[in-house]
Amino acid sequence: MKKIISTLIIAATFYSGLNAQSVSKTTEEQLYRPNYHFTPQKGWMNDPNGLYYLDGLYHLFFQYYPGGNKWGPMHWGHATSKDLVKWEEQEVALFPDQLGYIFSGSAVVDKNNTSGFGDGKNIPVVAFYTYHDPLKEKENKLDVESQALAYSLDNGKTWTKYKNNPIIQNPGVRDFRDPKVIRDEIHQQWIMSIAVQDKTQFYASKNLKDWQLLSDFGKDLGAHGGVWECPDFFPIKIEGTQETKWVLIQNLNPGGPNGGSGAQFFVGDFDGKTFKIDALFAKQLAKEKAVWLDWGMDNYASVSFDNVPENKRVIIGWMSNWLYAQEVPTEKWRSSNTIAREVNLVKTKEGYILKNVPVSQLEKYHSKKISKNINLKSSQSILKNNEIDLTKAVIDFDFKKMTSGVYTISLSNSLGEKLTFGIDNKEKSLFIDRRKSGKTNFSDKFAKKVTKTPLSKTLTQGKFKILLDKTSIEIFFNNGEKVMTEIFFPNESFSELSLYTDTKGSVLNITAHELTINK
Ligand code: FRU
């Protein structure tokens, strides 16, 4: 009898264990798998890699470890999209080999077959990545990282690693990685930027295989709170003019504007060899110390796509931060990406702005629409889930007659958890506060303080667009002049949007759209 009872107890425990597991699995998918931001089905993801467009398809490769939910031996995962919004995961593209892990990098569409990899029928796509040798790393050697290439003749489905890899040997620097290649039509060459510890190095090539070092940039410029990683260097016209400037996006970790990983940028001129910041940008840099692409804590390794139609510059970032990325409360997969964003360069008297806004293709997915005109009181409910599903929404806020007070918008659930964000017109800042947003204690670095973006003046009016998903908010202030991206993990989805203010007489127009993106 005793035996039977204990067998029953064991069976019951086993069964309820299984049950608890399957319940928590569904809960995790339901609660945290984003509605429209890309996540791999399973495993670990970090930086976007090898971004390009060809023949109607956008390609997103990414740092990927399929064998676990933390960083591990790096592969390149792969996803494709017809419109930069709805992504379909594909087979793993690149696997680690005897030369090492496959670290971050880029891809270009070699239309004129300058590489000679073409077969006369198909356009070669050439991908560049860093080999990271874990054995040399263990031995504390310096030459751990080198640059390599692989090419595809079937629009990214299959890849051949080049037989003469690595194409650039390590020059004796421990951090030497993340090659970003672009076509420099102005000087009829290919340019590769590489992050080299505390600077960017530029290399040039005519055939994508043989590379010469051109110059170094940035050792004494901008933010240096951590190692420089994942550069992106491209020419871009100043909006509304025919004048071309060169922009270098230079990610770094740590040392971001609100802690941990972040992306700064530089604006200047490139003569085919050397990149120099221009006088206006130098003035701006002297004042601001570093100029940031995104002020939130969760937009890292942002880089751009090659060959986007109409010459648009589109970037996408990893929506996390190395401070806590490996601890966030998802088990089956870890990390998602930001929405793809179109970037434009604007020149003002004070300096340059790299505006970024969600790609216009997102509007195709706007479904239900609600507009409201609200005379602001000290506290009011603005939107509820039965009006718009706040886990897949785009909302435009347009504040008028603002005074020097605080405008706090709160996204909350029935458990009393909330994410607040808004405009502090007293302190002159935008802010996001996720301290009470649900699960936060998986890392003491996740919700330590309110994240802030300084504003140059008190606002009398203020416009911004927010993108909401189950675990993320992306705020595009004033047409993308200032951007804040952050993630959160409530124990129940947020279902209400309210507004609190200590000011009087302000008016708010909102237009909210639900997004319908069937997977
Ligand atoms: C940035 C980074 C890159 C590197 C990759 C490794 O997040 O550290 O510099 O190539 O991740 O996964």
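The values are calculated or read from the model by the stated rules, or taken from the named source; none is laboratory data. Just so you know, these numbers come straight off a predicted model, no measurement behind them. Cβ sites come from the backbone with ideal geometry, for glycine too, and all protein chains shown count toward neighbours. Side chains are part of the model used for accessible areas, which takes the heavy atoms of the whole protein and leaves out ligands, DNA and RNA. Shrake-Rupley method; radii C 1.70, N 1.55, O 1.52, S 1.80 Å.
Remarks
- Cut-off 10 Å between beta-carbons: net charge of the residues surrounding ALA204, Lys and Arg +1, Asp and Glu -1: 0
- By DSSP, the beta bridges lying fully in the chain are antiparallel in about 95 percent of cases.
- Net charge over other residues, Cβ less than 11 angstrom from the Cβ of ARG174 (K, R count +1; D, E count -1): -1
- Working note: Karplus 6.51/-1.76/1.60 with θ = phi - 60° gives region 227-239 the couplings 6, 6, 9, 6, x, 8, 10, 7, x, 8, 7, 5, 3 Hz, where Gly and Pro are set to x.
- The H on the amide N of GLN189, modeled in the peptide plane, is under 5 Å from the matching H of ASP184, each at least 5 residues off or on a different chain.
- Of the residues LEU390, LEU415, LEU153, ranked by 1.4 Å probe accessible area with the largest first, the sequence reads LEU415, LEU153, LEU390.
- Here SER336 sits with roughly 10 square angstrom of accessible surface, probe radius 1.4 Å.
- Ranking of SER360, SER302 by solvent-accessible surface, largest first: SER360, SER302 (1.4 Å probe, protein heavy atoms only, all chains present).
- In a DSSP loop and with at most 10 other Cβ atoms within 10 Å, the trypsin sites (Lys or Arg not before Pro) in region 156-190 are LYS163.
- With all protein chains kept in place, the per residue accessible area of region 362-515 amounts to 42 square angstrom at a probe of 1.4 angstrom.
- Heavy-atom accessible surface of region 33-358: percent carbon and sulfur, 1.4 Å: 48
- Lysines whose Cα lies under 20 Å from that of LYS400, excluding same-chain neighbours fewer than 8 positions away: LYS372, LYS377, LYS426, LYS428, LYS457, LYS463, LYS465, LYS482, LYS504
- Three-way shape label, region 90-234, alpha-carbon gyration tensor, a/c 1.5: oblate
- Each residue of region 102-109 was assigned a 3J(HN,Hα) from its phi angle through the Karplus curve 6.51 cos²θ - 1.76 cosθ + 1.60 (θ = phi - 60°); the sequence is 9, 7, 5, x, 9, 8, 10, 8 Hz, with glycine and proline shown as x.
- Measuring nothing but protein heavy atoms, the accessible surface of region 362-515 at 1.4 Å probe radius is 45 percent carbon and sulfur.
- Whole-Å distance, taken between Cα centres, linking region 218-253 and region 255-310: 4
- Anisotropy class of region 467-513 from Cα gyration tensor, a/c 1.5 cut: oblate
- With a cut-off of 9 Å between beta carbons, the residues surrounding VAL343 carry a summed charge of +3, where Lys and Arg count +1 and Asp and Glu -1.
- Solvent-accessible heavy-atom area per residue, rounded to whole Å², over region 199-358 at 1.4 Å: 35
- Global form of the chain, assessed from the alpha-carbon gyration tensor, a/c cut-off 1.5: oblate
- Over the residues of the chain, the helix contribution to mean residue ellipticity at 222 nm works out to -3000 deg cm²/dmol, using -39500 (n - 2.57) for each DSSP H run of at least 4.
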